Every structure is written in C-alpha cells, then in structure tokens.
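The values are calculated or read from the model by the stated rules, or taken from the named source; none is laboratory data. What you see is a predicted model, and the numbers here were worked out from it, not measured in a lab. Every residue, glycine among them, receives a Cβ derived from its backbone with ideal geometry; neighbour counts consider all protein chains shown.
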Amino acid sequence: MAIWLGALLDGIPESLVLGASMLHASVSTSLIAGIFLSNFPEALSSSAGMRQQHYTQARILWMWTSLMLVSGVGSLLGNLLFAEAPPYLFALVEGIAAGAMLTMVAETMLPEAYHKGGTITSMATLIGSLLAIFCKTLE
C-alpha cells in the first residue's frame, strides 16, 4: 500500500506537468519517455510485491486503474489550469514533480531494487539514465 501511495503522490505533480506540456506545440519526447521508464518498472515491481503480500489480482488491478484515472484527471487539470499561468508557476510545479520523482526513486525504488537484485542494480540504473539521455538527444 505504501508503494501505491508513493506512486499517487509522485503521479499527481507528474500528470499536472504532462498535461501542461500538452499546451505547447511540441511535447518533450524525453519527458514522456522518462515518465514511462520510471513508472513501468515501478508498477511491475509493486505489483509483484503486492502479489507476495497476498493481494488479489482484482485489487491490484483496481489500485493501478485508480492511479491511471487520477493521473488522467491530473493531466486534464494541468492542461486547463496552466493555459494562462505565468511561466514561473509552471516551473514551480515542474520542479515539484521532478523532486517527487527523484524522492520516489531514491527512497523506494533503488533500495528495493538493490535488496532484490544486488549489484546489478547499479548497471540497470546506469542503463536507465543513458536511455533517458538518449531520448533527450532525439528531440
């Protein structure tokens, strides 16, 4: 349940930024790729952990579906609220989203990955970082 709550707290500012990014003519490919690259393994790992804690498949599916719906509403709100917002406000929310993402990775994902996978975690982290940089160079 803690992972779900962390994903929710991470997902709200993330979805606001994603929705606000849709206001611009070009959406950052690296932003979308970065969100996907961080959320997909997080969801897989969390789902596996929930199964080990004897959560039913229906409950796990409901939890991730609820996060998806909250994120969709957050994206819509980000698009509507930031249409006329000054750039500094968008920068503030983007910074909060980045901080939430970084905190989720540092506090939850990396320690859990190291506990389960050992030293391969550092190599996987490096590969993920390089993938994000590669996506940024494609823009």
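Working carefully through the options SER66, SER30, SER122, find the one that is hydroxyl-bearing (Ser, Thr, Tyr), in a helix (DSSP H, G or I), more than 21 Å from LEU5 (Cα to Cα) and without any contact (Cβ under 8 Å) to a residue 12 or more places away in the chain.
Details: SER66 fails: more than 21 Å from LEU5 (Cα to Cα); SER30 fails: without any contact (Cβ under 8 Å) to a residue 12 or more places away in the chain.
Going through SER66, SER30, SER122 in turn, the sole match is SER122.
Tell me, which residue of region 86-102 that is farther than 11 Å from VAL17 by Cα and in contact (Cβ under 8 Å) with a residue 60 or more places away in the chain is surrounded by the most Cβ atoms within 10 Å (Cβ to Cβ)?
If we take residues in region 86-102 being farther than 11 Å from VAL17 by Cα and in contact (Cβ under 8 Å) with a residue 60 or more places away in the chain, then MET101 is surrounded by the most Cβ atoms within 10 Å (Cβ to Cβ).
Please tell me if LEU37 is within 24 Å of ALA20 (Cα to Cα), part of a helix (DSSP H, G or I) and among the aliphatic types (A, V, I, L, M).
In short, yes.
Return yes when GLU84 is within 20 Å of SER15 (Cβ to Cβ), outside any helix (DSSP H, G or I) and not hydrophobic (A, V, I, L, M, F, W, C) and no when it is not.
yes
Within the group LEU8, LEU61, LEU23, LEU44, which residue is in a helix (DSSP H, G or I) and within 23 Å of CYS135 (Cβ to Cβ)?
When all the criteria are applied, what remains is LEU44.
Output the number of residues of region 15-51 satisfying the condition of being over 23 Å from ALA124 (Cα atoms) and either surrounded by 18 or more Cβ atoms within 10 Å (Cβ to Cβ) or of a type outside the set (A, V, I, L, M, F, W, C) (or both).
11
One line per residue, one yes/no per condition, for (1) among the hydroxyl-bearing types (Ser, Thr, Tyr); (2) modelled with pLDDT of 90 or more:
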site: ILE60; (1), (2): no, yes
site: MET63; (1), (2): no, yes
site: ALA83; (1), (2): no, no
site: PRO87; (1), (2): no, no
site: ILE96; (1), (2): no, no
site: GLY117; (1), (2): no, no
site: SER129; (1), (2): yes, no
site: GLU139; (1), (2): no, no
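Please go through region 24-58 and give me each residue that is at pLDDT 75 or above and over 20 Å from the mean Cα position of the chain (by Cα), ordered by number.
Across region 24-58, the qualifying residues are ARG51, GLN52, GLN53, HIS54, TYR55, THR56, GLN57, ALA58.
Which ones in region 49-67 are closer than 25 Å to PRO13 by Cα, out of contact with any Gly (no Cβ under 9 Å at 6 or more places or on another chain) and of a type outside the set (Ser, Thr, Tyr)?
Here is the first cut: in region 49-67, the ones closer than 25 Å to PRO13 by Cα are 49-50, 59-67.
Subset that is out of contact with any Gly (no Cβ under 9 Å at 6 or more places or on another chain): 49-50, 59-66.
GLY49, MET50, ARG59, ILE60, LEU61, TRP62, MET63, TRP64, listed by residue number.
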